[in-house]
Each structure stands twice: as structure tokens, then as C-alpha cells.
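For reference, the structure is listed below as C-alpha cells.
The values are calculated or read from the model by the stated rules, or taken from the named source; none is laboratory data. It should be emphasised that the depicted structure is a prediction, and the values quoted were computed from it without experimental measurement. Quick reminder, even Gly has a Cβ in these numbers, built from the backbone with ideal geometry, and neighbours come from all protein chains shown.
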Amino acid sequence: MKIIILGAGQVGGTLAENLVDENNDITVVDTDADRLRQLQDQFDLRVVNGHGSHPRVLRDAGAEDADMLVAVTNSDETNMIACQIAYSLFNTPNKIARIRATEYIRESDKLFLPEQIPIDYLISPEQLVIDYIYKLIQYPGALQVVNFAEGKVSIVAVKAYYGGSLVGNALSSLREHMPHIDTRVVAIFRQDRPIRPQGSTIIEAGDEVFFVASTQHIRAVMSELQRLEKPYKRLMIVGGGNVGAGLARRLEKDYSVKLIERNQKRATELAELLHDTIVFYGDASDQELLTEEHIEQMDVFIALTNDDEANIMSAMLAKKMGAKKAMVLIQRSAYVELVQGGVIDIAISPQQATISALLSHVRKADIVNVSSLRRGVAEAIEAIAHGDENTSKVVGKKISEIKLPPGTIIGAIVREEEVIIASDYHIIEQGDHVIMFITDKKYVPEVEKLFQPSPFFL
């Protein structure tokens, strides 16, 4: 596939890295010549130095025969205009744009249409982060919650702790512990190394366990791996930007929410905008303020400013002063691995959330959902099976007969409204939504090939 990426920042660069590995023809456009040179030295791709919305630059990038344009510059307006020009001048079939401003998002159903601004897929990083955090609040103790098949199935990451009834026991005993609930462990990471789960595998305290289950059964399965935490009630959010304000609005009806904003004018605006959130003007690193607002009673402290260091330091202080959990928004990917799992419970990367959404639209075969897991090392994929026994490598076959790449496990099948937790004897049918976990993303192209029907396959 011939893909043009506008923007060579963290998202554009990471997307290029993912797609180059999958034998795509990639061209990256940016105004920063040094950054382009760096990408070209690292990866097998073309670069064009220039403004992404200029017709000449797009023409130089190969827009006349490109299959897809992905506009992820830091400017919403540049991204929108680039999609318009790709449509009007080059008839580019697929156009994806990252749009951040809530003013545009609010009117997206009227704005982003073929006869208006022709964006086929809209990516809103802020909304993705809000959704991500909201799921973690819903399921106390989860490290990551990813939904598939319109929310029917979820893959959940949890840390196994002493006290969970499955800890110290073999996976084969899972059925005995939960005879009425179907679930499957699709991956285990022990000291950051993947272990292929088998019936004889014993869960150890400290393991990071990924399981797949019907969404309605998440809490029941989690209780087997750790002592089930009480539902969260009291939350403190730091930062009243788009993410902080949007999250508060989403949570305030069901939780007791406090929000700290260091800009006085913005704090006043938020106090009027948020009806059930208590808004404070102040600095989250102010011990006196945290004491006054009873930080020790907070179930979760969520730092969402644009300053990584401020988020990390305020979260560490909040934990020291008694907050039960700390979640932190971190822009720099290098920081995410450094801080998660210590004092800070969960580090949230907006780049990884954005990459997941983008990959759902640029994968080959009929891939309808992609989630980047474990800081981009692993992936969970939802693919639709097409064809028949003569044209497909998967349709009509038992799971045990499918030649899956190393580290790939089929966790669940969604057949119309039915959720089937996968076992070796299950047969894939035409139209099935197949949920897979891949411990090493380098095998994604092989998985895609499995789900591409071919008239020449015998």
C-alpha cells in the first residue's frame, strides 16, 4: 500500500516505523528537514520537506497514485486542508486526519463529509485518552482494558497478586474456579518476558496477565487474579485542558470529582462548565492544598497537564500523602517505561492510543480494530474472516489447524451476537470476528496474510 504521512512528530514517526516493517511504500512529509533526515537514516522510506497542505508538496510526495493520506501534523487546519486537497486534486481514496480542537470535534458530523471536508476517518487523541482512562476507572485494578466487537468482548491486563485464588495454581484450574464463566488467558509477561500460556502454566505473583472474556465477566475474572478492589468513588484530576475537562464531564455524574487547574481564568471557566465537579485554582504540587482537599481520601489521583515532569512529581507527592492510586499522562515515550509500576500505578501515552486508532485503518485484510499493548511491543487485533475453504487460510478450519505465527493466540470469536471463547476445536466461519493477541508485533504482517482471501489459495 502506498501511504503518505503528513507530520514527522512522535505519532507520525511511530506510525511510519510500524508500517515500513509491513512492506508498505511510505512517504513522510514535514517542514523539519533534520527530523526527516533522522527518519530516513533509520527506516526504508521516502521523505519530502515542505508544507503538508501545499499541492506541489503533496504531488512531490506521490499523492497522484497514493492509496492513503494520514495527516497527523500539529495543526488541525493543515490536516483538514491537506485532506481536502488530496480529495479535490488527487482523488486519494482514504484520508485520515488527527483533529484535536473540541470546536471541530463537536461539529464533526456536519463538517467531515465528502461534500464538506472529505475526511474518511477522524482521530481525536484527547477523546481516545478520555475513553482509555474511563475504562480504567470502571475496572479498579486493571492496567489496560481494550474492547472489541462493539464492546461485546474485552482483553484486560492485570497484575497477579497474592490473594488471587488462581495465583500459585495452573491455568487449567481456571475452569474449576469459574465453572459458569468462559475466559482465556492469551498472554503472560513475567519480568517483561512473554510466556506462552498453557494448561500447565502456573500463575505467579507479579505476572502481568492478559485475559479475554465477555465484557460482562471482566470483574469476575479479575477477582481470580487479585483481590478485587472496591469501586472507586473519589477522584482528583489535575489539569483542566481538553482531556482533564472532558474526563471530569464524563465522570462527574457517577463519581465525586475534584479538579485542580493552575490558570485562574481557565479555573473560573471550568467552574461554570462543570456542574458536579469541584474546581480549584492552584498548584497540584502544593502540599497545603492537597492536605486541605483530603488527598488521603482519594481513590485515584489523575495528572493530565501538558508537562510530563509536573505530572510525575505531583503524582508521586499525592501517593506519598495517601492517595490510593496514581495515573499520569506522559507525552515522552521514554518516560512511560521508567515510571509505570513503581510509585505511579499507570502511565498513559496519548501517542500509543493514537497509534492504535490509526493502525485500525491502515492494516491490510479486513482488520477492524487494533490495540497497541505493552508500550507498542504487542498488539491485539480484531479481524473478520472472509471467503470459504477454497479461498481462505482460516475459514472452515479448526483453530488447531491454522498455522499461526509465533506468539499469536486466538482468544475469542464473535459470531453475530454470540461470544465464543476460543478453543482448539472451534471452527472459523465466514463473517466471524476473530480476536487475537500477538506478543511480538513483527508477526502482524503474517497474521494479516492469513485473513486475506485469495482466489488462488487451494
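So, in the stretch 31-45, exactly how many residues are crowded, with 16+ Cβ neighbours inside 10 Å and either of a type in the set (Gly, Ala, Ser) or under 19 Å from residue 1 (Cβ atoms) (or both)?
Residues flagged as crowded, with 16+ Cβ neighbours inside 10 Å and either of a type in the set (Gly, Ala, Ser) or under 19 Å from residue 1 (Cβ atoms) (or both) within the stretch 31-45 amount to 3.
Condition check ((1) buried (at least 18 other Cβ atoms within 10 Å of the Cβ); (2) in the same structural domain as residue 10 (by TED's automatic domain parsing); (3) farther than 21 Å from residue 356 by Cα) across all residues:
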site	(1), (2), (3)
48	yes, yes, yes
55	no, yes, yes
65	no, yes, yes
84	no, yes, yes
98	yes, yes, no
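How about the stretch 188-261: which strands (runs of 3 or more DSSP E) wholly inside it have at least 1 residues that are among the hydroxyl-bearing types (Ser, Thr, Tyr), outside the structural domain of residue 274 (by TED's automatic domain parsing) and under 21 Å from the mean Cα position of the chain (by Cα)?
The strands (runs of 3 or more DSSP E) meeting that bar are 208-214.
Given 141, 151, 163, which one is on the phi > 0 side of the Ramachandran plot, crowded, with 19+ Cβ neighbours inside 10 Å and of a type outside the set (Asp, Glu)?
On inspection, the qualifying residue turns out to be 141.
Is it the case, given these coordinates, that residue 424 is under 30 Å from residue 375 (Cα atoms), in contact (Cβ under 8 Å) with a residue 60 or more places away in the chain and of a type in the set (D, E, K, R)?
no
Quickly run through the stretch 329-386 and pick out the residues that are under 23 Å from residue 1 (Cα atoms), in contact with a helix residue (DSSP H, G or I) (Cβ under 7 Å, 6 or more places away or on another chain) and charged (D, E, K, R).
363, 364, 379 - these are the residues of the stretch 329-386 that are under 23 Å from residue 1 (Cα atoms), in contact with a helix residue (DSSP H, G or I) (Cβ under 7 Å, 6 or more places away or on another chain) and charged (D, E, K, R).
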